Amino acid sequence: MSTHDLYTIPSELSTWDVDMAGASRFTWEYDEGRDRMLALYQKGKDKQWDSTKRIDWDLEVDPYNVLGIPDTTIAIYDTPLWHRLGPQQRQDVRLHGAAWQFSQFLHGEQGAMICSARIVESVPDLDSKFYAATQTMDEARHAETYARFLQEKVGLAYPINEHLKSLLDSTLGDSRWDMPYLGMQVLIEGLALAAFGVMRDITTKPLPKQILAYVMQDEARHVAFGRMALRDYYKNLSEQELREREDFVIEGCYLMRDRLRGAESWEHLGLSKAETDEVMRATDQSDYLRLFRSLLFSRIVPCVKDIGLWSPRLQQAYADMGVLEMAGQSLDALMKQDEDIADKLDEARFAEEEAERHAEVADTIALGSA
Ligand SMILES: [Fe+2]
Ligand SMILES: [Fe+2]
């Protein structure tokens, strides 16, 4: 089945063209490069994995409860609208919510692949080009993984959310080489990483857990890359240039907080305009989603501070959004934790397989000696 058949809302075209902006830049300096950047490149090469082998695709997924989480995580849970819905409509709400969420992850991963390829082209230093080339491969593997998950396990997909699309458009349409970093590595990846993290930690289902944990293990390197490259570069920018970057960050953060809400999936379920408004109000008021939205900034805020975009204006914007205290999060500790969780999951899985193998061997020996 082609992905086209899985789309709930048919897209008119099967491709989206964004005009190229800025130069493709060669460098003739093949010298050593920065130690930390090269160490990250080495890690990027060492830690490649193959989703066809590392992920256990035989595991079953219930499309009507993909993550195996309670209904209290649904925006309209226990509202009058929820009580008006019949059992089948509630099933649809569960299915379409997950399909929308994982579809945005998928499109975001493709965006990340294209942005990192763009960084390979446009960044001036060779060590950064090398690193971004490994990231391009990482993102290809992530897109492959989420596409398979949607196709084989969920069976339904949503087109890219128009606000995510416009953020990608302004990220890629800018000729300044640092903008794909800022838009993708810091904002979109920061948001995605936080969302993956919440889901990885609450899911009770082994397949999404594996996918989210392994993808996050790679994302930790991507964030480190953005921080390293931008921290060096932003030290030397003028006040005006920094201000332009801050404006971009502020606007992007408001957009991600207020608009990436999946209104289209509710409209698709046949809710009226008034009912969709009811959903959006419930989204504002739901305790779970409030917590979720503030957690979404747990990676972005400390990163923005770290790269040196930390004017009083920006701090004020984060204070207005209620996420300023996220600046105290330690990115290094979060990333270390992401890597450990993936490693531990591997250990637990392989210990289980090992035990099964031992049991098989013991059975065979017992058969032989009988
Ligand atoms: Fe990714
Ligand atoms: Fe990434």
*So which residues in segment 159-214 are in contact with a Lys or Arg (Cβ under 7 Å, 6 or more places away or on another chain) and among the basic types (Lys, Arg)?*
Arg200, Lys209
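Listed here are the residues, each with its yes/no results for (1) within 30 Å of Val279 (Cβ to Cβ); (2) modelled with pLDDT under 95; (3) of a type outside the set (Phe, Trp, Tyr).
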site: Ala39; (1), (2), (3): no, yes, yes
site: Asp46; (1), (2), (3): no, no, yes
site: Trp49; (1), (2), (3): no, no, no
site: Leu59; (1), (2), (3): no, no, yes
site: Val66; (1), (2), (3): yes, no, yes
site: Asp71; (1), (2), (3): yes, yes, yes
site: Ile74; (1), (2), (3): yes, yes, yes
site: Leu81; (1), (2), (3): yes, yes, yes
*For segment 330-349, how many residues meet the condition of being open to solvent by 60 Å² or more (accessible area, probe 1.4 Å), under 20 Å from Thr204 (Cβ atoms) and of a type in the set (Asp, Glu)?*
1
*What are the residues in segment 148-167 that are small (Gly, Ala, Ser) and buried (at least 20 other Cβ atoms within 10 Å of the Cβ), if any?*
Ala157
*Residue match in segment 55-63 (condition: surrounded by 14 or more Cβ atoms within 10 Å (Cβ to Cβ) and at positive phi)*: no
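Provide a single number: the residues in segment 32-59 that are part of a loop (DSSP other than H, G, I, E, B) and out of contact with any helix residue (DSSP H, G or I) (no Cβ under 8 Å at 6 or more places or on another chain).
At the first step, the residues of segment 32-59 found to be part of a loop (DSSP other than H, G, I, E, B) are 32-34, 47-50, 55-59.
When the remaining residues are screened for being out of contact with any helix residue (DSSP H, G or I) (no Cβ under 8 Å at 6 or more places or on another chain), the result is 58.
Counting residues in segment 32-59 that are part of a loop (DSSP other than H, G, I, E, B) and out of contact with any helix residue (DSSP H, G or I) (no Cβ under 8 Å at 6 or more places or on another chain) gives 1.
If we only count helices (runs of 4 or more DSSP H) wholly inside segment 64-152, which ones have 3 or more residues that are of a type in the set (Ser, Thr, Tyr)?
Values: elements: 80-84, 87-122, 126-148.
Once the helices (runs of 4 or more DSSP H) in segment 64-152 are filtered for at least 3 residues that are of a type in the set (Ser, Thr, Tyr), what remains is 87-122, 126-148.
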*Before we move on, is Leu191 surrounded by 20 or more Cβ atoms within 10 Å (Cβ to Cβ), hydrophobic (A, V, I, L, M, F, W, C) and within 16 Å of ligand 1 (Cβ to nearest atom)?*
yes
*Have a look at Met184, Met228 and point out the one that is touching a Ser or Thr at 6+ places or on another chain (Cβ under 9 Å), farther than 20 Å from Arg313 by Cβ and surrounded by fewer than 22 Cβ atoms within 10 Å (Cβ to Cβ).*
Met228
*Name the pairs: first residue in segment 95-113 and within 11 Å of ligand 2 (Cβ to nearest atom) and open to solvent by 20 Å² or more (accessible area, probe 1.4 Å), second residue β-branched (Val, Ile, Thr) and part of a helix (DSSP H, G or I), Cβ to Cβ under 8 Å, at least 6 apart or on different chains?*
Met113/Thr136
*How many residues, within segment 201-220, are within 15 Å of ligand 2 (Cβ to nearest atom) and not polar (S, T, N, Q)?*
9
*Of all residues making up segment 252-276, the number that are within 19 Å of the chain's Cα centre (by Cα) and open to solvent by 60 Å² or more (accessible area, probe 1.4 Å)*: 4
*Counting only residues that are farther than 28 Å from Val215 by Cβ, give me the helices (runs of 4 or more DSSP H) lying completely in segment 251-370 with at least 3 of them.*
273-285, 312-321, 331-369
*asked:* Could you tell me how many of the residues in segment 1-30 are touching a residue at least 12 places away in the same chain (Cβ under 8 Å), surrounded by 10 or more Cβ atoms within 10 Å (Cβ to Cβ) and of a type outside the set (D, E, K, R)?
replied: 12
*Give the residue that is least open to solvent (accessible area, probe 1.4 Å), with candidates limited to residues of segment 81-94 that are within 23 Å of Leu291 (Cβ to Cβ) and without any contact (Cβ under 8 Å) to a residue 60 or more places away in the chain.*
Trp82
*asked:* Residues that are more than 22 Å from the chain's Cα centre (by Cα), of a type in the set (Asp, Glu) and modelled with pLDDT of 90 or more: does segment 4-11 have at least one?
replied: no
*Name every residue in segment 127-140 that is surrounded by fewer than 18 Cβ atoms within 10 Å (Cβ to Cβ) and touching a residue at least 60 places away in the same chain (Cβ under 8 Å), in order of residue number.*
Met137
*Among the residues of segment 172-213, count how many are of a type in the set (S, T, N, Q), at pLDDT 90 or above and either within 26 Å of Ser14 (Cα to Cα) or part of a helix (DSSP H, G or I) (or both).*
1
_Out of Val223, Val279, I need the residue that is buried (at least 22 other Cβ atoms within 10 Å of the Cβ), hydrophobic (A, V, I, L, M, F, W, C) and within 16 Å of ligand 2 (Cβ to nearest atom). Which one?_
Val223
*Within segment 116-125, identify whether any single residue is open to solvent by less than 40 Å² (accessible area, probe 1.4 Å), within 16 Å of ligand 2 (Cβ to nearest atom), modelled with pLDDT of 90 or more and basic (Lys, Arg), and answer yes or no.*
yes
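The values are calculated or read from the model by the stated rules, or taken from the named source; none is laboratory data. In this text, all values refer to a predicted model and were calculated from it rather than measured experimentally. Reconstructed Cβ throughout: ideal geometry from the backbone, glycine too, with neighbour counts over all protein chains shown. Surface accessibility is based on the protein's heavy atoms, side chains included, excluding ligands, DNA and RNA. Shrake-Rupley method; radii C 1.70, N 1.55, O 1.52, S 1.80 Å.
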